[in-house]
Amino acid sequence: MRDYDIIVVGGGPAGLAAAIEAKKNGVDSILILEREIELGGILQQCIHHGFGLHVFNQELTGPEYAENFINETKELGIEYKTDTMVLDVTDDKTVVFVNAVDGYQTLKAKSVVLAMGCRENTRGAIGIPGSRPSGVLTAGAAQRLINIEGYMVGRQAVIMGTGDIGLIMARRLTLEGASVKAVMSRRTYPAGLMRNVVQCLYDYNIPMMLQHTVTKIHGKERVEGVTIVSLDENRKPIPGSEQYMECDTLLLSVGLIPENELSRKAGVTMDKNSNGPFVNESRETNVEGIFACGNVLHVHDVVDFVTEESRTAGRAAAAYVLDRAPASASTISVTPGKDINYIVPHTIDPEKVEEEIELMFRVSELFDDSRIVVKKDGETVKSKKKARMYPGEMEMIKIKSDILEGSQNSNLTVEVEEVPDKNE
Amino acid sequence: MYDVLIIGAGVTGASIARELSRYDLKVCILDKNNDVADATTKANSAIIHAGYDAKPGTLKAKFNALGAPMFDQICKELDVPFKRIGSLVIAFSEEEMKTLESLYEQGIKNGIENIHILDKAKTMELEPNLIDSAQGALHAPDGGIICPFELTVALTENAVENGVDLFLNQQVIDIEKNEKEFKVITQKEKFTAKYVVNCAGVFADTIYHMVTPTDFHITPRKGQYFVLDKEAGNFANTVIFQCPTPQSKGVLVTPTVHGNLLVGPDAEDLNDKTDLDNTRERLNFVRENAKKTSENIPFHLTINIFAGLRAVPDTGDFIIGESEKVKGFINVAGIESPGLSSAPAIGNYVKDLLLDKWEGLKEKENFNPYRRKVVRFNELTPQEITDLVKKNPSYGRIVCRCELVTEGEIIDVIHRKAGATSLDAIKRRVRAGMGRCQGGFCGPRVMEILSRELNMEMHEVVKDSPESKILTGKTKCSEEEH
């Protein structure tokens, strides 16, 4: 088997966009490796609409959005292998994979794009007490069973967590005739996008219970019910508030975790806050020529932003292959300030910023009428007023290149500044 | 009519069955669950104890000392992963160093020779993550780790290959005895047998009570555990026990044979023999007590929690032997810790006890002690993978991405003797779904494989027990298609 200029690990929206962009920027020898039996990644099970507003200016379903990229991949003649599992990626950009056709293969690449996506947090990881019957699933697993396999997972569901997949599945279950008794958030606001709360819960009269959580699962064989409890402002259970809720299904939508097992093998350094690699403005990791994009880098809220980010990575990978462009010599570091969970990218080479650069980040709490403030070495260089910010929505702010010019070895921080209440 | 009927397909019942399968006897095992190893055997510390812990003179001490050295041979024959990584009992004070000395003395009395007391420096060298207050340890280099359900699946499979009949989902509800035989009545069928071996775990007293007023009582003692990601597997190099105190036996921290980290258990006596609930209080207790061993156990890497029941006899020791009141009824009861470590020796002992009932019984010529080798994808060399995939492409198709389990391995364990019929049975045999995503990704694919290979509908696939169906029917539009 021959070697490739670029190997893309993962054929979901991130991998496809990166591969297409690399091809358009002059690299011909590209291979996409996808573990599922078809390209498109998790979009294939997202049969609801709402994708593509930014990239295509229209509302598409997940499979439609994916199809645009799959078609383009094929039209451009980009090679791909599905049903193929990447076993190892090394820091010298050797990629090991296995599948039923080629067996065990070792390939060399000049550049590798990591686009493995993310996985869902599980019942075991968060340690929900109680019994271990059937009927406890992650929202994404339920989504696959219903939308791809065509089977129902239950008739009476409680959904723990208000991540976007949980919200989407509340509506999906309802449309399939199941009753969704409650969708619970531990916080005073939901974890997912407000638009999903409106379109998936409010429009279907599905009760959202804020400051509630499941403390016990009942049922020896199949779920028979759950004990739920109210939480105080510190998210601690309020004694005496326990109530029993009958159900045959508990769906979990309690967080997504970037799947960076291969990144670690490749020697890529991780950011504890984003759970993804440290990257520069080109989405290049600390390992020269290894790039990361999409949900493996940080969990995005909307796929359109995955596409945009992955195009950046694809372009940069192509440039790396064609020019053997040296890694940034001196850079600006970007760090999260007050009330910011993480920021991507982590470093910026001002030389590489043409007109402007977009910082992607998430805030740590719900903020109304507040400001995002960007500071360079302590001095405010940009600020933007926001009517509402919450962790479920990824925030973005653009920084013009002139702000960064001549700023090697500076530090950029982003923080939330709460604007005092007008009435005070 | 069976010569010997064994009630309970846990590690003890399976060990006895395999030993008996060497002889020309008609043997069967009944189990109330949908799989073997589906009770106490599937949820414990998975340790092969060196044997210093039991009181000298007890059956526990005897069978532990005899059983522990047998594992190398058995695991080789049955192709079961087993590692003698050694165990440490840590003393956290000078006072506890004295306890170690008496444990050492006890070990010597039990015939365990390969044990040593280590000073602080040597102890820390073996386990750099130990807390500073560790003073020293009792080191037993022969202590081991094993996967108890893989062992039991292998024992049963080998027993069945050698002629033993296995009946699952058969709950014994009554036993009648006449001059010649026992009638063992389940919710479905009647079995007759000359001898009955009671390996019913926490229900052994209930079973015995069916033939005579019970003279022992089994208390279910629950223990809860944390399983941590393989990323945490190197946190400990050996099985780390805490020095027992009058209040507590302590919490252990150990790598598992598959490279995870296991932390637990607590001990809680129950009345309900089916209560396997995890509770926040007890899990917190385990977590807090584990801090005594090390303050930086990476609990944030927890991938699962579980609970198991120990079968604690009120006699204080294993109850092994023919009932004096009911001839032909053999109790193998109260097999709490070190039950797993003792199982091979118990199997041997009960086999000898039964062989005495027949004159001149010889070992079968065609007895095969070996189980057909199991393919473990993640242990294969690149060349082995390539060759295997050429012969059978399903070994190139990874179904469980976290544990790297191929479709070929899953199909194999479905079609083996004592094969898997449920999602959990697959998980116990090949670890698909045992990893960090806990079956979130591979669950649906494993269900498809089960449905295809066993020729059943997707929505008939169960998680574990027959009522634990995962799906409730087709969706509206897939119904229309059909």
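Each reported figure results from applying straightforward, stated rules to the coordinates on display, with no laboratory input. Predicted model only: the values in this text are computed from it and were never measured. All Cβ positions, glycine included, derive from the backbone under ideal geometry; neighbour counts span all protein chains shown.
Quick notes
- Remark: chain A carries a charge dipole of roughly 1000 debye about the Cα centre, counting +1 on each Lys and Arg Cβ and -1 on each Asp and Glu Cβ.
- Modelled this way, with points 7 Å down the Cα-to-C-beta line, the labels at B:Asp272 and A:Asp3 are 6.2 nm from one another.
- Start at zero, step by 10 Å, and the Cα-Cα distances of the stretch A:330-424 spread as 17, 50, 26, 7, 1 percent across the bins.
- Cα long-axis angle, helix A:164-175 against chain A (0 to 90 degrees, to the nearest 10): 50 degrees
- Cα centroid separation, the stretch A:360-403 to the stretch A:111-137 (Å): 31 Å
- Alpha-carbon centroid distance for the pair the stretch A:35-99 / the stretch B:433-469, whole angstrom: 26 Å
- By DSSP, the beta bridges lying fully in chain B are antiparallel in about 75 percent of cases.
- The mean count of C-beta atoms from other chains within 10 Å of the C-beta of residues in B:462-469, rounded to a whole number, is 5.
- Along the stretch A:257-266 the Karplus relation, 6.51 cos²θ - 1.76 cosθ + 1.60 evaluated at θ = phi - 60°, assigns HN-Hα couplings of 10, x, 8, 9, 4, 5, 4, 5, 4, 7 Hz to successive residues, with x for each Gly and Pro.
- Applying 1/(1 + (r/R0)^6) with r as the Cβ-Cβ distance of B:Ile131 and B:Gln73 and R0 = 35 angstrom yields a FRET efficiency of 0.40.
- Taking all Cα pairs closer than 8 Å and separated by 6 or more residues, the relative contact order of the stretch B:204-311 comes to 38 percent.
- Listed by chain and number, the aspartates and glutamates whose C-alpha is less than 15 Å from the C-alpha of A:Lys236, apart from same-chain residues fewer than 8 away, are B:Glu281.
- Proxy reagent accessibility, fewest Cβ within 10 Å first, across A:Ile343, B:Ile320: B:Ile320, A:Ile343
- Ranking of B:Tyr208, A:Tyr204 by count of other Cβ atoms within 10 Å, fewest first: A:Tyr204, B:Tyr208
- Distance between the modelled labels on B:Lys362 and A:Asp88, one decimal in nanometres: 5.2 nm (7 Å Cα→Cβ projection).
- Comparing A:Ala178, A:Ala387, A:Ala17 in a Gaussian network model of chain A where C-alpha atoms under 10 Å apart are linked, the largest mean-square fluctuation is found at A:Ala387.
- For the protein assembly as shown, the spherically averaged projection of the C-alpha convex hull amounts to 41.3 nm².
- Proximal lysines to B:Lys325, defined as alpha-carbon separation beneath 16 angstrom and excluding residues fewer than eight positions away on the same chain: B:Lys177, B:Lys180, B:Lys194
- Exposure proxy ranking for A:Arg186, B:Arg428, A:Arg144, A:Arg235, based on other Cβ atoms within 10 angstrom of each Cβ and starting from the fewest, stands as A:Arg235, A:Arg186, A:Arg144, B:Arg428.
- CD proxy at 222 nm, helix term only [per DSSP H run n ≥ 4: -39500 (n - 2.57); per residue of chain B; nearest 500]: -9000 deg cm²/dmol
- Gyration tensor (alpha-carbon) shape descriptor, the stretch B:292-400, a/c threshold 1.5: oblate
- Along the axis of the charge dipole computed for the protein assembly as shown (Cβ charges of +1 for Lys and Arg, -1 for Asp and Glu, origin at the Cα centre), the listed residues B:Leu261, B:Val286, B:Leu66 are led at the positive end by B:Leu66.
- Here is how the number arises for chain A: DSSP H runs of 4 or more residues each give -39500 (n - 2.57), the sum is divided by the residue count, and the result at 222 nm is -5500 deg cm²/dmol.
- Inter-chain shielding of B:302-315 (mean C-beta neighbours from other protein chains, 10 Å cut-off): 2
- Here the convex hull built on the C-alpha positions of chain B has a volume of 164 cubic angstrom per residue.
- Judged by a Cβ-Cβ distance under 4.7 Å, the unpaired cysteines of chain B are B:Cys28, B:Cys75, B:Cys147, B:Cys199, B:Cys243, B:Cys402, B:Cys437, B:Cys477.
- Three-way shape call for the stretch A:122-254 based on the alpha-carbon gyration tensor, with the a/c threshold at 1.5: oblate
- Fully extended contour minus Cα-Cα distance, from B:Tyr370 to B:Glu231, at 0.36 nm per residue: 46.7 nm
- Counting Cβ atoms of other protein chains within 10 Å of each residue's Cβ and taking the mean over peptide A:149-161 gives 4.
- With each label modelled as a point 7 angstrom along the Cα→C-beta vector, the A:Ser364-A:Asp377 pair spans 2.7 nm.
- Beta bridges per DSSP with both ends in the protein assembly as shown, % antiparallel, nearest 5: 65 percent
- Under Karplus coefficients 6.51, -1.76 and 1.60, residue-wise ³J(HN,Hα) of the stretch A:149-159 in Hz, glycine/proline x: 7, x, 10, 8, 9, x, 10, 9, 10, 10, 10
- Length-normalised contact order for the stretch A:330-424 - Cα pairs under 8 Å, 6+ apart - percent: 39 percent
- Cα shape, chain A, gyration tensor, a/c 1.5 rule: oblate
- Mean separation of Cα pairs under 8 Å and 6 or more residues apart, divided by the residue count, gives chain A a relative contact order of 16 percent.
- Farthest towards the positive end of the charge dipole of chain B, among the residues B:Gln171, B:Gly321, B:Gly408, is the Cα of B:Gly408, using unit charges on the Cβ of Lys, Arg, Asp and Glu.
- Angle of helix A:13-24 to the longest C-alpha principal axis of chain A, folded into 0 to 90 degrees and rounded to 10: 20°.
- Share, in percent, of DSSP beta bridges within chain A that are antiparallel, nearest 5: 60 percent
- The long axis of helix A:62-75 is offset from the longest Cα principal axis of chain A by roughly 20 degrees.
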